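First up is the structure itself, then whatever we jot down about it.
The values are calculated or read from the model by the stated rules, or taken from the named source; none is laboratory data. Owing to the predicted nature of the structure, the values given are computational and were not obtained by experimental measurement. Every residue, glycine among them, receives a Cβ derived from its backbone with ideal geometry; neighbour counts consider all protein chains shown.
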Amino acid sequence: MTAILITGGRIIDPANTLDLQADLLIEDGRIAAVGRNVHAPHVAEIIDAAGLIVAPGLIDMHVHLREPGLEHEETIASGSRAAVAGGFTTVCAMPNTDPCVDNEGAVAFVVNQGLAADQANVLPIGAITLGRKGEQMAEFGQMVRAGAVAFSDDGDSVRNSGLLRQCMTYGKMFGKPFISHAEDKDLAAGGVMHAGAVSARLGLPGMPAAAEEIIVSRDITLARMAGSKLHIAHVSAAGSVDIIRAAKKSGVAVSAEATPHHLALTDETIASFDPNFKMSPPLRAADDVAALKEGLRDGSIDCLASDHAPHEREEKELEFAFAPFGVIGLESSLAVYIRELIAAKVLSWPELIAKMTLNPARILGIDRGTLSKGAVADVTLIDPDLQWTIDAEKFLSKSRNCPFHGQSVRGRAVLTIVAGHIKFRHVPRPA
Ligand SMILES: [Zn+2]
């Protein structure tokens, strides 16, 4: 029997509305006790967590691990090492790989590579349509049997509304959410940044917020017709937040996520023409950022996800207009959330932890995101005050396209435990 005792930390477990200074005991990979002065005679390790937050293992439900197909940008092993270094014990892998994860064998491959890497839990998301081409429904039942936790054509929305309705109507029996990459590709065609005052000034073609709002609205309407669960990925526009808020009020089973970059950055950054500020959906205006924060505060936006999107350096060094969309986030996102949401007094610590643990676990229907007695011991220790500098050159991810590189930040994961095993320990560099 292996046991770890974590003493004197601030235990935050939103599932049990716990926020107290106490000890946490892990035995045989499960949470054995939470309380003051926990008695444990045979522990293998005692961890002093004074001054640290002890949270359920963080969950990032939107990452791109690039395997199979683009292993020079990321692999399931490198991505899951980056995940635990960022405090994440569970990540969901989007299916837009090459080949696409649209069948049982491909889902099983991702599951097995995740198990072989033996770092974070890697949960595959299966495509909605074969090859993400938007023409034919993928085999939902077979993918779910192999371990798929959601369905998404991320990178594209399913352009054919009739087909998406069929997919939702048939797919709802599996109880998994459909994750919407909300982008009307016809309306956004040719755009490289948010359409607004800044794109006009810079003379770059824009992607209007309406391209997102139209698909958010359409997908909510289709989910209401089909009675399926819908999750809106990377919400970026103020109008989308309003649509989601109204839909929730009317009882539609819709949830939503926001990313670190859409909370921290605006389209003004594009004036630098640095491709590390190029993503889809694009960085938008200050009003949109304010609306996202209000949406997080009032619960319209349920969770936080990085949309970790590795790209090789050569590609990201292309001229802005030709560089690919997307930035990495697994090793920087927690610090950015702390700055934009905790330091800025948008959320309390328990609210932030809920949006990174309990809420994504509920949306995905997985038995994670809690420190309840008997639960699998996925645990993250966070030092909320640790000052450090984000240095993409030192990331465990294979890619370096981080828009926060060089920034001085406060707060990071210092210990990450997956099923009772320590997978990451932050070793401070000597001064
Ligand atoms: Zn997307």
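At-a-glance table
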quantity: Residue in segment 335-349 that is at pLDDT 95 or above, under 20 Å from Gln119 (Cα atoms) and among the β-branched types (Val, Ile, Thr) present; calculated: no
quantity: Per-region count, segment 30-58, residues within 30 Å of Val111 (Cβ to Cβ) and either within 16 Å of the ligand (Cβ to nearest atom) or surrounded by fewer than 16 Cβ atoms within 10 Å (Cβ to Cβ) (or both); calculated: 3
quantity: Residue in segment 110-117 that is within 16 Å of the ligand (Cβ to nearest atom), of a type outside the set (A, V, I, L, M) and either surrounded by fewer than 17 Cβ atoms within 10 Å (Cβ to Cβ) or assigned to a loop (DSSP other than H, G, I, E, B) (or both) present; calculated: no
quantity: Criterion: in a loop (DSSP other than H, G, I, E, B) and within 16 Å of the ligand (Cβ to nearest atom) - qualifying residue of Asp98, Asp156, Asp102; calculated: Asp156
quantity: Hits in segment 264-298 - residues which are within 16 Å of the ligand (Cβ to nearest atom) and in a loop (DSSP other than H, G, I, E, B); calculated: Lys278, Met279, Ser280, Pro281, Pro282, Leu283, Arg284
quantity: Segments classed as strands (runs of 3 or more DSSP E), wholly inside segment 1-60, with at least 3 members that are under 19 Å from Pro350 (Cβ atoms) and not basic (Lys, Arg); calculated: 3-13, 18-27, 30-35, 53-56
quantity: Only one of Asp302, Asp307, Asp288 that is of a type in the set (Asp, Glu), under 25 Å from Gly69 (Cβ atoms) and surrounded by 22 or more Cβ atoms within 10 Å (Cβ to Cβ); calculated: Asp307
quantity: Segment 202-237, subset part of a loop (DSSP other than H, G, I, E, B) and away from the ligand (no atom under 16 Å from the Cβ), residue surrounded by the fewest Cβ atoms within 10 Å (Cβ to Cβ); calculated: Gly203
quantity: Single match in Gly190, Gly251, Gly196 (criterion: more than 23 Å from the chain's Cα centre (by Cα) and touching a residue at least 40 places away in the same chain (Cβ under 8 Å)); calculated: Gly196
quantity: Test: residue in segment 313-327 that is under 17 Å from the mean Cα position of the chain (by Cα), surrounded by 19 or more Cβ atoms within 10 Å (Cβ to Cβ) and within 16 Å of the ligand (Cβ to nearest atom); calculated: yes
quantity: Complete set of residues in segment 171-194 that are in a loop (DSSP other than H, G, I, E, B) and farther than 23 Å from Glu257 by Cβ; calculated: Ala189, Gly190, Val192
quantity: In segment 266-298, the residues that are in contact (Cβ under 8 Å) with a residue 24 or more places away in the chain and of a type in the set (Gly, Ala, Ser); calculated: Ala271, Ser280, Ala285, Ala290, Ala291, Gly295
quantity: Scan of segment 371-397 for residues that are surrounded by 17 or more Cβ atoms within 10 Å (Cβ to Cβ), farther than 25 Å from Ala15 by Cα and over 18 Å from the mean Cα position of the chain (by Cα), ordered by number; calculated: Leu386, Ile390, Ala392
quantity: Boolean, Met61 is closer than 21 Å to Val376 by Cα and within 16 Å of the ligand (Cβ to nearest atom); calculated: yes
quantity: Qualifying residue in segment 127-142 (condition: closer than 21 Å to Thr90 by Cα, outside any helix (DSSP H, G or I) and more than 16 Å from the ligand (Cβ to nearest atom)); calculated: no
quantity: Given (1) surrounded by 24 or more Cβ atoms within 10 Å (Cβ to Cβ); (2) out of contact with any His (no Cβ under 6 Å at 6 or more places or on another chain), index of the condition Pro428 fails; calculated: (1)
quantity: Which numbered condition Lys185 misses (of (1) among the basic types (Lys, Arg); (2) away from the ligand (no atom under 16 Å from the Cβ); (3) within 23 Å of Asn96 (Cβ to Cβ)); calculated: (2)
quantity: Candidate set: segment 390-423, residues that are hydroxyl-bearing (Ser, Thr, Tyr) and touching a Gly at 6+ places or on another chain (Cβ under 7 Å); chosen: the one nearest to Asp302 (Cα to Cα); calculated: Thr416
quantity: Subset of segment 329-369 [buried (at least 22 other Cβ atoms within 10 Å of the Cβ) and either on the phi > 0 side of the Ramachandran plot or polar (S, T, N, Q) (or both)]; calculated: Ser332, Ser333, Thr357, Asn359, Gly369
quantity: Some residue of segment 238-255 being over 30 Å from Thr75 (Cβ atoms) and within 14 Å of the ligand (Cβ to nearest atom); calculated: yes
quantity: Residue pairs meeting the criteria (Cβ under 7 Å; at least 6 apart or on separate chains; first without any contact (Cβ under 8 Å) to a residue 24 or more places away in the chain and within 13 Å of Ala108 (Cβ to Cβ), in segment 136-147; second surrounded by fewer than 17 Cβ atoms within 10 Å (Cβ to Cβ) and hydroxyl-bearing (Ser, Thr, Tyr)); calculated: none
